[in-house]
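Below is one structure, written out as structure tokens; the observations come after it.
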Amino acid sequence: MSIRIETAQKLLGKTLKDSYGRMVGHVVGYINNIKNEVVSIAIELGSGEFQQFPSSQFALEGETITLHPRWMSDYETLVRDLNLAQRRNAALEELFKNEEVPKTVYEDLHKSYSEVLTQLSERKRTLLSELKERSEEIDRQVKELHSFFANLKVAHMTGEVDDMAFRTASDALKTGIDRLMAEKRGIDTALTNISKPETASMPLKPTEIPKAPPKPAEPKEGTLVVHVEDKD
């Protein structure tokens, strides 16, 4: 999306979460072009490190900014570009069929559109591989969280962990699992959509961003909390 420099200035210092409600960090800077459009935004991560993200990965609603996973912005861009290329190619074929464009012009444009579609097909293959890789990573993380949860339940049953600590930690683990599964559902939808035949009669549609699960209860002083970092 396009973010104006005036908007970016108001976002400085604000907390940033991703599409699934996971904490990312704080907005600390931006880079803009000569049109005063923000090209990228710098984020101070929870670890104290800094990372720069392209403006295309952000969604802005009022004064709230959200970071989309890279796969999501890549997917939506691919869908948009592929649909446009398909429509243009179909329109050209229709014009040529109705003898509204000369054959030489048709051949030049057809060659150009074919090259674009070939490039988009390569982008699609790359994205399919990335989506499958991320889906497998989510499966591994969910398995780890379930292992943590099982150990936590055992410790609670044996009295090693008190009720308050158990509730806080279990809420965090449940929320983490829910958020990962929400992302996996989004990935599954994207995989299904871009695996369809590339025809103008079957346009691809961007997947809707699943709503983030409820925020876990705030931990109280003296409570043990298990924090799990999502590595993308």
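Is there any pair linking a residue in the range 87-99 that is surrounded by 12 or more Cβ atoms within 10 Å (Cβ to Cβ) and modelled with pLDDT of 95 or more to one that is of a type in the set (A, V, I, L, M, F, W, C) and in a helix (DSSP H, G or I), with Cβ under 6 Å and at least six apart or on different chains, and which?
So the pair list comes out as Leu92/Leu109.
Take the range 177-198 and flag every residue that is basic (Lys, Arg) and surrounded by 16 or more Cβ atoms within 10 Å (Cβ to Cβ).
Arg179, Lys184
Check Glu61, Glu44, Glu99, Glu107 and return the single one that is of a type in the set (Asp, Glu) and touching a strand residue (DSSP E or B) at 6+ places or on another chain (Cβ under 7 Å).
Matching residue, one of Glu61, Glu44, Glu99, Glu107: Glu44.
Which of the following residues is surrounded by 12 or more Cβ atoms within 10 Å (Cβ to Cβ) and among the small types (Gly, Ala, Ser): Ser40, Ser129, Ser47?
Ser40
Considering the range 1-28 alone, what residues qualify as being part of a loop (DSSP other than H, G, I, E, B) and under 30 Å from Asp171 (Cβ atoms)?
Answer for the range 1-28, where residues must be part of a loop (DSSP other than H, G, I, E, B) and under 30 Å from Asp171 (Cβ atoms): Gly13, Lys14, Ser19, Tyr20, Gly21, Arg22.
State all residues of the range 155-170 that are hydrophobic (A, V, I, L, M, F, W, C) and under 24 Å from Met181 (Cα atoms); if no residue qualifies, say none.
Matches in the range 155-170: Phe166, Ala169.
The values are calculated or read from the model by the stated rules, or taken from the named source; none is laboratory data. Since we're looking at a predicted model, the values are computed, not measured. Note that each Cβ is placed from the backbone with ideal geometry, even for glycine, and that neighbours are counted across all protein chains shown.
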